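Visitor: Below are the structure tokens for one structure; questions will follow.
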Amino acid sequence: MSLAAGSTIGIIGGGQLGRMLAIAAARLDYRIAVLEPQPDCPAAQLANRQIVAAYDDPAALSELAAASAVVTYEFENVPLSAAESLAAHVPVYPPARALEVAQDRVTEKNFLNGIGIATAQFHPIDNDDQLTAALKTFGGSGVLKTRRMGYDGKGQRVFRNMEAGGFAGTCEAMGGVPLILESLVAFEREISVIAARGVDGSVAAYDPAENVHREGILRTSTLPAAIGSGTADAAKAAASKILAALDYVGVIGVEFFVLADGSLLANELAPRVHNSGHWTEAACVVSQFEQHIRAVAGLPLGNPARHFDCVMENLIGDDMLKVPALLAEPDLMLHLYGKAESRPGRKMGHFTRISRRS
Ligand code: AMP
């Protein structure tokens, strides 16, 4: 059954992704309630209601459940207990299982490998001796990451051709938290697929975007990616397989490394709308945001076809100074997030330049 017009969709998290979901929801005649501790957050500026409280505050979660016909979220570190307690009262999409898988890099890789999707090789790491032994199996190279709460390259350390030993204190310096050592992948490029699954099990996958990161933050997403059609199809097929295996409802972002032979290794899942899918609002009739709202509201999914080539670029910190010049460009869509204060590394907005399809 689809959600009636005028129903409220609850969103946990009030950042720019929540804001863009709120815009899409309004266009489909839904109302938005946001749970976010930060007052006047980007999503609250456009929401019908904000509950100002911690994401795991029991009274706030009860209030959100009572106010909402369905609850979704805009970031993957929503406390699992919060999603599970909400799910006892109101449908929560994507399902809590998707959060559980995406919140721990070891669980995520075991899940992916278990359904036949290749990833970098990896070892869970809890102490410096395990790190020494694991690095040896990878010939002295690898990427050490925190298992949980890592994003945008934070909490990562790269080792290249290290001699064995001399790692005393490394795990402590990473915060004394559970870690994962991944093999260092010599990828040719990075791509991501944004895909959606409806309540009825139907799937819509957008074309893969080619992503460039700098200092661990996404800078640009380019369509089409410079990959063969076989690689593009394999990426979409992997995303569909993940959606089905999680009995998923909503939009997911799946990041991949593309190797020299065109084969793929899945790197990361984001159980939400994703920065590398912002281009869809300029180049497709139905954006990832509308697609997510359609999915969680039980509406039919929209057509993910891409009508333009395009490049999406993030506006980070002082990039905001470019805004007047960008507004003078004819084929450019600008999207600003309503953040009063610009800081280095802070995502302030993005823009997408479109051109005729090649
Ligand atoms: P992540 O937080 O896992 O998305 O990693 C951030 C970025 O670090 C990725 O987009 C890659 O550019 C790089 N990276 C992550 N893991 C690896 C790996 N195992 N091998 C090589 N580069 C990696």
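Visitor: Where in the range 1-52 are there strands (runs of 3 or more DSSP E), lying fully within it, with 3 or more residues that are without any contact (Cβ under 8 Å) to a residue 60 or more places away in the chain?
Guide: On the way: elements: 8-12, 31-35, 49-51.
Fully inside the range 1-52 and qualifying: 31-35, 49-51.
Visitor: Something else: Being among the aliphatic types (A, V, I, L, M) and crowded, with 17+ Cβ neighbours inside 10 Å is the filter; apply it to the range 163-184 and report the residue that is farthest from residue 133 (Cα to Cα).
Guide: At the first step, the residues of the range 163-184 found to be among the aliphatic types (A, V, I, L, M) are 164, 168, 173-174, 177, 179-181, 184.
Subset that is crowded, with 17+ Cβ neighbours inside 10 Å: 174, 179-181, 184.
Details: 174: 18, 179: 14, 180: 13, 181: 11, 184: 15 Å.
Once the filter is applied, the top-ranked residue is 174.
Visitor: Let me ask something else. Please determine whether any residue of the range 297-312 is surrounded by 24 or more Cβ atoms within 10 Å (Cβ to Cβ), assigned to a helix (DSSP H, G or I), modelled with pLDDT of 95 or more and out of contact with any His (no Cβ under 7 Å at 6 or more places or on another chain).
Guide: No, every residue in the range 297-312 fails to be surrounded by 24 or more Cβ atoms within 10 Å (Cβ to Cβ), assigned to a helix (DSSP H, G or I), modelled with pLDDT of 95 or more and out of contact with any His (no Cβ under 7 Å at 6 or more places or on another chain).
Visitor: A further question on this structure: Just checking, which of 114, 140 is outside the structural domain of residue 289 (by TED's automatic domain parsing), under 21 Å from residue 101 (Cβ atoms) and either without any contact (Cβ under 8 Å) to a residue 24 or more places away in the chain or more than 13 Å from the ligand (Cβ to nearest atom) (or both)? Break it down stepwise before answering.
Guide: Numbers: 140 fails: under 21 Å from residue 101 (Cβ atoms).
114 is the lone residue from the list that is outside the structural domain of residue 289 (by TED's automatic domain parsing), under 21 Å from residue 101 (Cβ atoms) and either without any contact (Cβ under 8 Å) to a residue 24 or more places away in the chain or more than 13 Å from the ligand (Cβ to nearest atom) (or both).
Visitor: How about the range 83-116: which of its residues are outside any helix (DSSP H, G or I) and not polar (S, T, N, Q)? If you could, list the steps in order and put the result at the bottom.
Guide: So in the range 83-116, the residues outside any helix (DSSP H, G or I) come out as 88-95, 103-104, 115-116.
Across the range 83-116, the qualifying residues are 88, 89, 90, 91, 92, 93, 94, 95, 104, 115, 116.
Visitor: Still on this structure: If residue 186 meets every condition in (1) in contact with a Gly (Cβ under 9 Å, 6 or more places away or on another chain); (2) at pLDDT 95 or above apart from one, which number is that one?
Guide: Every condition holds for residue 186 apart from (1).
Here's the yes/no breakdown for (1) under 15 Å from the mean Cα position of the chain (by Cα); (2) over 24 Å from residue 353 (Cβ atoms):
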{"residue": "177", "(1), (2)": "no, yes"}
{"residue": "182", "(1), (2)": "no, yes"}
{"residue": "186", "(1), (2)": "no, yes"}
{"residue": "192", "(1), (2)": "yes, no"}
{"residue": "199", "(1), (2)": "no, yes"}
{"residue": "235", "(1), (2)": "no, no"}
{"residue": "240", "(1), (2)": "no, yes"}
{"residue": "251", "(1), (2)": "yes, no"}
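Visitor: Among the residues of the range 277-285, is any within 18 Å of residue 75 (Cα to Cα) and within 16 Å of the ligand (Cβ to nearest atom)? Spell out how you get there, then give the answer.
Guide: Residues of the range 277-285 that are within 18 Å of residue 75 (Cα to Cα), as a first pass: 277-278.
If we keep only those that are within 16 Å of the ligand (Cβ to nearest atom) too, we end up with 277.
Checked the range 277-285: at least one residue is within 18 Å of residue 75 (Cα to Cα) and within 16 Å of the ligand (Cβ to nearest atom).
Visitor: Here is a list: 61, 80, 99. Which entry is crowded, with 21+ Cβ neighbours inside 10 Å and closer than 26 Å to residue 277 by Cα? Let's see the steps before the verdict.
Guide: Numbers: 61 fails: closer than 26 Å to residue 277 by Cα; 80 fails: crowded, with 21+ Cβ neighbours inside 10 Å.
Unique residue meeting the criteria: 99.
Visitor: Further question on the same structure: Look through 239, 235 and report the one residue that is buried (at least 20 other Cβ atoms within 10 Å of the Cβ) and either in contact with a Pro (Cβ under 6 Å, 6 or more places away or on another chain) or closer than 30 Å to residue 132 by Cβ (or both).
Guide: Numbers: 239 fails: either in contact with a Pro (Cβ under 6 Å, 6 or more places away or on another chain) or closer than 30 Å to residue 132 by Cβ (or both).
On inspection, the qualifying residue turns out to be 235.
Visitor: Just one of the numbered conditions (1) buried (at least 19 other Cβ atoms within 10 Å of the Cβ); (2) in contact (Cβ under 8 Å) with a residue 60 or more places away in the chain; (3) of a type in the set (A, V, I, L, M, F, W, C); (4) more than 30 Å from residue 6 (Cα to Cα) is not true of residue 125; which one?
Guide: Among (1) buried (at least 19 other Cβ atoms within 10 Å of the Cβ); (2) in contact (Cβ under 8 Å) with a residue 60 or more places away in the chain; (3) of a type in the set (A, V, I, L, M, F, W, C); (4) more than 30 Å from residue 6 (Cα to Cα), the lone unmet condition for residue 125 is (2).
Visitor: Could you list, ordered by first residue, the pairs with Cβ atoms under 6 Å in which the first is in the range 254-275 and within 11 Å of the ligand (Cβ to nearest atom) and the second is among the polar types (S, T, N, Q), at least 6 apart or interchain?
Guide: Pairs that qualify, where the first residue is within 11 Å of the ligand (Cβ to nearest atom) and the partner is among the polar types (S, T, N, Q), are 255/192; 255/267; 257/267; 265/119; 266/119.
Visitor: Being of a type in the set (Lys, Arg) and within 16 Å of the ligand (Cβ to nearest atom) is the filter here; which residues of the range 176-219 pass it? Reasoning before the result, please.
Guide: Keep residues of the range 176-219 that are of a type in the set (Lys, Arg), which gives 189, 197, 214, 219.
Answer for the range 176-219, where residues must be of a type in the set (Lys, Arg) and within 16 Å of the ligand (Cβ to nearest atom): 189, 214, 219.
Listed here are the residues, each with its yes/no results for (1) acidic (Asp, Glu); (2) near the ligand (Cβ under 10 Å from one of its atoms); (3) at pLDDT 95 or above.
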{"position": "96", "(1), (2), (3)": "no, no, yes"}
{"position": "105", "(1), (2), (3)": "no, yes, yes"}
{"position": "132", "(1), (2), (3)": "no, no, no"}
{"position": "148", "(1), (2), (3)": "no, no, no"}
{"position": "158", "(1), (2), (3)": "no, yes, no"}
{"position": "168", "(1), (2), (3)": "no, no, no"}
{"position": "172", "(1), (2), (3)": "yes, no, no"}
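Visitor: Taking the conditions exactly as written (crowded, with 21+ Cβ neighbours inside 10 Å, closer than 21 Å to residue 23 by Cα, at pLDDT 95 or above and of a type in the set (Ser, Thr, Tyr)), does residue 221 satisfy them or not? Spell out the reasoning first.
Guide: Details: crowded, with 21+ Cβ neighbours inside 10 Å: yes; closer than 21 Å to residue 23 by Cα: no; at pLDDT 95 or above: yes; of a type in the set (Ser, Thr, Tyr): yes.
Considered against the rule, which asks whether it is crowded, with 21+ Cβ neighbours inside 10 Å, closer than 21 Å to residue 23 by Cα, at pLDDT 95 or above and of a type in the set (Ser, Thr, Tyr), residue 221 comes out as no.
The values are calculated or read from the model by the stated rules, or taken from the named source; none is laboratory data. All of these numbers come straight from a predicted model, not from anything done at the bench. Every residue, glycine as well, gets a Cβ built from its backbone with ideal geometry; the counts of neighbours run over all protein chains shown.
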